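The values are calculated or read from the model by the stated rules, or taken from the named source; none is laboratory data. Since this is a predicted model, take the numbers as computed values, not measurements. So basically every Cβ, Gly included, is an ideal-geometry build from the backbone, and we count neighbours across all protein chains shown. Remember, those area values only see protein heavy atoms, side chains included, never the ligands or the DNA or RNA. Shrake-Rupley method; radii C 1.70, N 1.55, O 1.52, S 1.80 Å.
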Amino acid sequence: MLFLLVTTLLKFVFLVLLFIMPLATLLTWMERRQSALTQDRLGPWRASFFSIGGKPVRLLGLLHPIADAIKMLFKEPFTPASADKRLHAIAPLVGYVMALVVMSVIPFGPDIPTSILPFVSEETIAKYPVVPLQVVRLDAGILWMFALASLGVYGAALAGWASNNRFALLGGLRASAQAISYEVALGLTVVGILIAFGATEPSAIVNAQNQAGGLGLPLWGILVQPLGALLFFIASVAETKRTPFDVPEGESEIIGYFVEYSSMGFGMFMLGEFVEIVVLSAVFSTLFLGGWDLPWIMGNDSIWLGFTTLTPDSVGVGTFHLVHMLLGMGIWGAKIFFLCALQLQIRWTLPRFRYDQVMNLGWKMLLPLALANIFVSAAVIWWDPSLTAMTVLGLGFIGLVILVAVAGPRRRTAHADHGHGSHASHSTDSHGHPATSH
Amino acid sequence: MPSLTLDGKKVDFQPGETIIQAATRENVEIPYYCWHPRLSVAANCRMCLVEVEKAPKLMPACQTAATDGMVVHTQNEKVKDAQRAVHEFLLVNHPIDCPICDQAGECKLQDYYMEYQLAPSRVVEHKVNKPRLEELGPHVVYNAERCIVCTRCVRFMDEVAQNPQLGVFNRGDHSEIGCAPGVVLDDAYSLNTVDVCPVGALTSTIFRFKQRAWNLKRSDSVCGGCARGCNIHVDQRSGVVYRLLPRDNDAVNKSWLCDEGRLTYNRPNEGKITEALIREGQDAPTTTDGVAALNKAVELLKPLANAGKGVAATLSLHATVEEAYVFGRFVKDVLKADTIGLVGLLPGGQDDLLRVADKNPNRAGVMAVFADMGLKPVDERELMQRMKSGTVKAWLAVGHETSFGPELALAAKGLEVVVHVAYARGPIAEVARVTLPGVSWVQTDGTWVNVQQRAQRLKAGFLPEHDAKPTHAWLMDIASRLGVAYAWPSMTTIRAEIESQLPSFREAKLTQVPPTGTQLPWAVPAEAASKI
Amino acid sequence: MGVVRVRDRVEYSLYERSFVPEILRGLAITLGHFFSNAFGNKETRNLQTVRYPEEQRVYPARYRGQHRLLQREDGSSRCVACYMCSTACPAYCIHIVAAESPDNRIEKYPAAFEIDLLRCIYCGLCVEACPEDAIRMDTGVHTPPFFTRDDAVVGRIDLLSLMGRAGTAPAYGAQNYREGKPRGA
């Protein structure tokens, strides 16, 4: 019992205090620097607390998150007189906590044999043969994940309601409507993965993805279920309420459900948004990118490092598992970081949708496509349970998308619209109709 | 009826009319400087030249009598060419110093330049230099450089004021307006010369450089300088009245206004109070919140309201008919005052033209209201007597316009309660326990009856500032707090009630007084006659 | 006269409505900027940021800075209190009190000339409107910071003491295009 407590606590500390919080904080800096550089600006770079040799230490502006945290902590936490005080106080916590709790079922590394750990008795080893790098190993982990993620929207809804401000309320309503709409698509796209791997436990899904498939490729979700991955990614961006899906916050029109929050209350919402990015990236990498594993390099009993191959026999069981664990967590972290950066870049690439567009996309595009995905996947699995046919189909889909993106027809730009008859071949769309109507 | 053809249109006219009169009635614009509808014709500016068929040259429209069958062109190329040439000629020696000229913005030279000339100057010679700051009289400054010698001012002094103090001196481009040696333009109507001056040659010392014409906002009102009730325009900016100008009214003042009346422009500004004053003990009054002052006034008046003894209420003769009626109802229904007083200004200078001796603009109206309501007012002397003898212990003073201000204030020093409603801080405000801020006549919607028994409408030119309110509104507020609620949502309801309740006003049609006033069917006193 | 060109609403094809290729192209553009700015060399970087206190942008020659009033050669204000600037001012920030000048040749001068710099929008219409070339915005100076609202109201004396951009002396003489023109006694 004590063993369980200690290992769980250690996993928790690693996950929350050493991974999610620092990454979320880093993302606040990344968001600003990345957007600045994308827009040919410099972004925040001035903050410094001390200087060495007369030159202030600025660290590329990495100290800005610290300065922001200090500032937010010392601002006045203001509650409107007509607000519902208790709800107003707990609303920021709800979304934040729910996002963190979702992380508890995400595997962030390979299982470690208990025998290699120090200070462990034989009975314990017998009782708990492995320590999973996953805070909780739940059989219905995926369901748990989605159940709690859905509760997260209470944060926005409660904040909007409790503020007693019509703009906040509008923001909260928009947030709830949007979250519910996209959860449908989110849940349905995952069904494809569940059909393919036949498991609802995240670490089992990760393990299933890293088996060699029929084509010599790993069975990663993104290869097996490319459409599902695309839909899931779109829906998860919508769940984070970030551009292009930021109608609930719409700074330029209604400000959003947190309009009446100041100080750390607002800070929680802002940080919560970044935590959500991290969490959804983690879920995505678990479901579609093989989690902590990397095929060809990491095997259960060998690690290929290019110049040499590590096996438990060559370096010893303890060292091998230590390297295995660290490498697994590193790969997991790298995948998440990549996905986070991608989400940030998408934010600075796409403009905000109109609200009707958000709803149309959710209900009229994502939902039917997710349903179609389920039926097609089920049919393919029924025909060929080994996933090979599915992988071929997936690769075909990816190839089609790339082909169309690279070599697809282009609409003539407005400049070329007049007087350049020689480009007539480009003025037809994929159906052969004239693309522009005069 | 004889008729002429004006720009291809048949126009009827009365025999004896000139072309410009017929054209003006038909809204055909013919430019002019020297012509004035109420002055004799000089035809020296030549701006109104029009083409008359069969006439060898262009004819001045202001002087040429209209004849039957005449064919006149005012818009053809020949006339336009003449207008352009005449205007260029008028501007040859004009200094174009519009930035420092008071007339800028209401100057005919500017308007007509834009409309009829609009060509750059071709003058390369030095312009003729003439005196620029000649003080013709106490109120009028003359700039000879700007003058186009239209002689309107000379003709005004000769024909209307009948005091020929001005004349044209020298010849050609050296001619200028001036007074003969030893003569000063000090006539009581001298400022009308500034009005008739179409350019910036004559400017008024009381308005000079105070404001630019285009910044002023104009409202219609009636002059409060004497009982004549000349019709005026009130020019104000940001609540400060800068000048009063005559407004045409054939029945009262034609186009004229006396200097004395114009000088009352400062009455609405001088000592103006827009916040209530309250006085504790022997201290000087201090400003306070309007509601607090109202509550204080009610608290002071409450014990007296039904006592019916020792209470005096006075009204100024500058009050409107409506205010007089509300005041009458108030003292009868609410205050039950046993001494009703009317205060006003002492008689002053008069002449045959406009000025009358009575300097209170609404004596006729207030007296009629009081007579109809059965109120028997006492004058200031009697009031002071009663204050000194102790028969009057409390005083509600509505309006501060009285020549006996200091004396009344001295007599009122011993009174327990003095409540004052006024728009300026006068001697009475210094002794009053509470002074409620009223509004001056230029901000009041009301009716005055002048010495000719003509009811004329005052229009509120701009809104009251801060806590200020019209007198009747204050009285209604006090009444409602003392338990009498009057149902007068608007001025119209008060007027309708006056029409129905007071016999003198039964025929008056107070609710529909036109801009130039209504003659009331009362006997007109002999001194009301005017030679103007 | 502007010409209004009406374009029909474009019907997008299914391919375009999927937006996927266009999003990928958009990402390529933004990522291109990001990488060339973040990891590129001097040639590929295109950063527009001016690090303000250390680096300062050079203002163009016609930059509209704080106003100043120009002087006559005797040091008095060229302004004749004609109110043209305050009339032209869209922000109503110029307050003038005109008065009779002791100098008979001038007649009118501003007894008070105040500009409320908090109201001013630096549009330069007052300079355009001035018939006497008495007000200019060529100081090249920003609005200074204020501690009270009253400080933001700059009076005639202060305005007269400001220098032109060249920093030498208040300009008069050669710039006075009226010089030599006959005017008044």
Residue pairs within 9 Å by beta carbon, gap of at least six or interchain, first lying in segment A:340-354 and over 13 Å from A:V247 (Cα atoms) and more than 9 Å from chain C (Cβ to nearest Cβ), second open to solvent by 70 Å² or more (accessible area, probe 1.4 Å) and outside any helix (DSSP H, G or I), listed first then second, are none
Residues of segment B:208-225 that turn out to be out of contact with any Phe, Trp or Tyr (no Cβ under 6 Å at 6 or more places or on another chain), more than 24 Å from B:P37 (Cβ to Cβ) and touching a residue at least 40 places away in the same chain (Cβ under 8 Å), as a count: 5
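Of all residues in segment B:78-99 being in contact with a Ser or Thr (Cβ under 9 Å, 6 or more places away or on another chain) and within 14 Å of chain C (Cβ to nearest Cβ), which is surrounded by the fewest Cβ atoms within 10 Å (Cβ to Cβ)?
Looking only at segment B:78-99, we keep the residues that are in contact with a Ser or Thr (Cβ under 9 Å, 6 or more places away or on another chain), and these are B:88, B:91-92, B:96.
Subset that is within 14 Å of chain C (Cβ to nearest Cβ): B:92, B:96.
On the way: B:V92: 13, B:I96: 16.
Filtering first and then ranking leaves B:V92.
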Based on this model, can you work out whether B:L415 counts as surrounded by 24 or more Cβ atoms within 10 Å (Cβ to Cβ) and closer than 20 Å to B:L301 by Cα? no
When you go through (1) open to solvent by 20 Å² or more (accessible area, probe 1.4 Å); (2) not in a helix (DSSP H, G or I) one by one for A:P110, which number turns out not to apply? (1)
Could you grab me the full set of residues in segment B:357-386 that are open to solvent by less than 10 Å² (accessible area, probe 1.4 Å) and in contact (Cβ under 8 Å) with a residue 60 or more places away in the chain? B:N360, B:P361, B:N362, B:G365, B:V369, B:L383
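One line per residue, one yes/no per condition, for (1) open to solvent by less than 20 Å² (accessible area, probe 1.4 Å); (2) within 14 Å of chain C (Cβ to nearest Cβ):
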{"position": "B:K108", "(1), (2)": "no, no"}
{"position": "B:Y112", "(1), (2)": "yes, no"}
{"position": "B:E125", "(1), (2)": "no, yes"}
{"position": "B:V149", "(1), (2)": "no, no"}
Residue count for segment A:1-44, restricted to those that are on the phi > 0 side of the Ramachandran plot, charged (D, E, K, R) and touching a Gly at 6+ places or on another chain (Cβ under 7 Å): 0
Only one of (1) more than 14 Å from chain C (Cβ to nearest Cβ); (2) open to solvent by 20 Å² or more (accessible area, probe 1.4 Å); (3) of a type outside the set (F, W, Y) fails for A:A24. Which number is that? (2)
What is the residue count in segment A:157-169 for residues that are of a type outside the set (A, V, I, L, M, F, W, C) and open to solvent by 20 Å² or more (accessible area, probe 1.4 Å)? 3
Would you confirm whether or not segment A:261-275 contains a residue that is in a helix (DSSP H, G or I), hydrophobic (A, V, I, L, M, F, W, C), more than 25 Å from A:A69 (Cα to Cα) and open to solvent by 10 Å² or more (accessible area, probe 1.4 Å)? no
Given (1) surrounded by fewer than 24 Cβ atoms within 10 Å (Cβ to Cβ); (2) under 27 Å from B:N93 (Cα atoms); (3) within 22 Å of the chain's Cα centre (by Cα), where does B:Y242 come up short, assuming only one miss? (2)
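Can you spot a residue in segment A:114-131 that is at pLDDT below 90, buried (at least 21 other Cβ atoms within 10 Å of the Cβ) and either under 27 Å from the mean Cα position of the chain (by Cα) or not hydrophobic (A, V, I, L, M, F, W, C) (or both)? Lay out the reasoning, then the answer.
Restricting attention to segment A:114-131, the residues satisfying the condition of being at pLDDT below 90 are A:114-131.
Now restrict to residues that are buried (at least 21 other Cβ atoms within 10 Å of the Cβ): A:131.
So of that shortlist, the ones also either under 27 Å from the mean Cα position of the chain (by Cα) or not hydrophobic (A, V, I, L, M, F, W, C) (or both) come out as A:131.
Looking for residues that are at pLDDT below 90, buried (at least 21 other Cβ atoms within 10 Å of the Cβ) and either under 27 Å from the mean Cα position of the chain (by Cα) or not hydrophobic (A, V, I, L, M, F, W, C) (or both), one finds at least one in segment A:114-131, hence yes.
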What residue, of A:R58, A:R41, A:R33, is within 14 Å of chain C (Cβ to nearest Cβ) and within 24 Å of the chain's Cα centre (by Cα)? A:R33
Which residue is farthest from A:V94 (Cα to Cα), if the candidates are limited to segment A:139-156 and must be open to solvent by less than 60 Å² (accessible area, probe 1.4 Å) and not in a helix (DSSP H, G or I)? A:A140
Of the residues C:C79, C:C93, which is open to solvent by less than 100 Å² (accessible area, probe 1.4 Å), among the hydrophobic types (A, V, I, L, M, F, W, C), within 14 Å of chain B (Cβ to nearest Cβ) and under 25 Å from the mean Cα position of the chain (by Cα)? C:C79
Determine the pairs where a residue that is not assigned by TED's automatic domain parsing to the domain that holds C:V153, located within segment C:88-115, has a partner that is modelled with pLDDT of 95 or more and assigned to a strand (DSSP E or B) with Cβ atoms under 7 Å apart, the partner being 6 or more residues away or on another chain. none
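Quick one: how many residues across segment B:224-239 are of a type in the set (D, E, K, R), part of a loop (DSSP other than H, G, I, E, B) and surrounded by fewer than 19 Cβ atoms within 10 Å (Cβ to Cβ)? Steps first, answer last, please.
Residues of segment B:224-239 that are of a type in the set (D, E, K, R), as a first pass: B:228, B:235, B:237.
Now drop any that are not part of a loop (DSSP other than H, G, I, E, B), which leaves B:228.
The next check asks that each one be surrounded by fewer than 19 Cβ atoms within 10 Å (Cβ to Cβ); those that pass are none.
Number satisfying all stated conditions: 0.
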So, of the residues in segment A:307-333 that are open to solvent by 50 Å² or more (accessible area, probe 1.4 Å) and either within 14 Å of another protein chain (Cβ to nearest Cβ) or closer than 16 Å to A:F14 by Cα (or both), which turns out to be modelled with the lowest pLDDT? A:L322
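Among the residues in segment A:44-51, are any without any contact (Cβ under 8 Å) to a residue 60 or more places away in the chain, more than 30 Å from A:N207 (Cβ to Cβ) and open to solvent by less than 40 Å² (accessible area, probe 1.4 Å)? Steps first, answer last, please.
Within segment A:44-51, the subset without any contact (Cβ under 8 Å) to a residue 60 or more places away in the chain is A:44-51.
Narrowing the set further to residues that are more than 30 Å from A:N207 (Cβ to Cβ) leaves A:44-51.
With the extra rule that they be open to solvent by less than 40 Å² (accessible area, probe 1.4 Å), the set shrinks to A:44, A:47.
Scanning segment A:44-51, I find at least one residue that is without any contact (Cβ under 8 Å) to a residue 60 or more places away in the chain, more than 30 Å from A:N207 (Cβ to Cβ) and open to solvent by less than 40 Å² (accessible area, probe 1.4 Å), so the answer is yes.
Looking only at segment B:270-297, count how many residues are within 30 Å of B:L510 (Cβ to Cβ) and in a helix (DSSP H, G or I). Break it down into steps so the answer makes sense when it comes.
Here is the first cut: in segment B:270-297, the ones within 30 Å of B:L510 (Cβ to Cβ) are B:272-274, B:290, B:294, B:297.
Going one step further and asking which of them are in a helix (DSSP H, G or I), we end up with B:290, B:294, B:297.
So the answer is 3.
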Which ones in segment A:196-207 are buried (at least 21 other Cβ atoms within 10 Å of the Cβ) and either of a type in the set (A, V, I, L, M) or touching a Gly at 6+ places or on another chain (Cβ under 7 Å) (or both)? A:A196, A:P202, A:I205, A:V206
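Return the residue satisfying two criteria in turn: it lies in segment B:204-231 and is hydroxyl-bearing (S, T, Y) and in contact with a helix residue (DSSP H, G or I) (Cβ under 6 Å, 6 or more places away or on another chain), and of such residues it is nearest to the other protein chains (Cβ to nearest Cβ). Don't jump to the end; show me each part of the working.
From segment B:204-231, those hydroxyl-bearing (S, T, Y) are B:204-205, B:219, B:221; that's our starting set.
Then keep just the ones that are in contact with a helix residue (DSSP H, G or I) (Cβ under 6 Å, 6 or more places away or on another chain); that gives B:204, B:221.
Details: B:S204: 13, B:S221: 25 Å.
Step by step, filter segment B:204-231, then rank; the result is B:S204.
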If the Cβ limit is 6 Å and pairs must be 6+ apart or interchain, which residue in segment B:489-505 that is in the same structural domain as B:W522 (by TED's automatic domain parsing) and surrounded by 15 or more Cβ atoms within 10 Å (Cβ to Cβ) pairs with which residue that is at pLDDT 90 or above and of a type in the set (S, T, Y)? B:I498/B:Y325
When segment A:197-224 is examined, which residues are found to be over 25 Å from A:A99 (Cα atoms) and outside any helix (DSSP H, G or I)? A:G198, A:N210, A:Q211, A:A212, A:G213, A:G214, A:L215, A:G216, A:L217, A:P218, A:L219
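Okay, residues lined up against (1) in a loop (DSSP other than H, G, I, E, B); (2) not assigned by TED's automatic domain parsing to the domain that holds C:H95:
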position	(1), (2)
C:V3	yes, yes
C:D8	yes, yes
C:G26	no, yes
C:L31	no, yes
C:K42	yes, yes
C:R57	yes, yes
C:P60	yes, yes
C:Y63	yes, yes
C:D74	yes, no
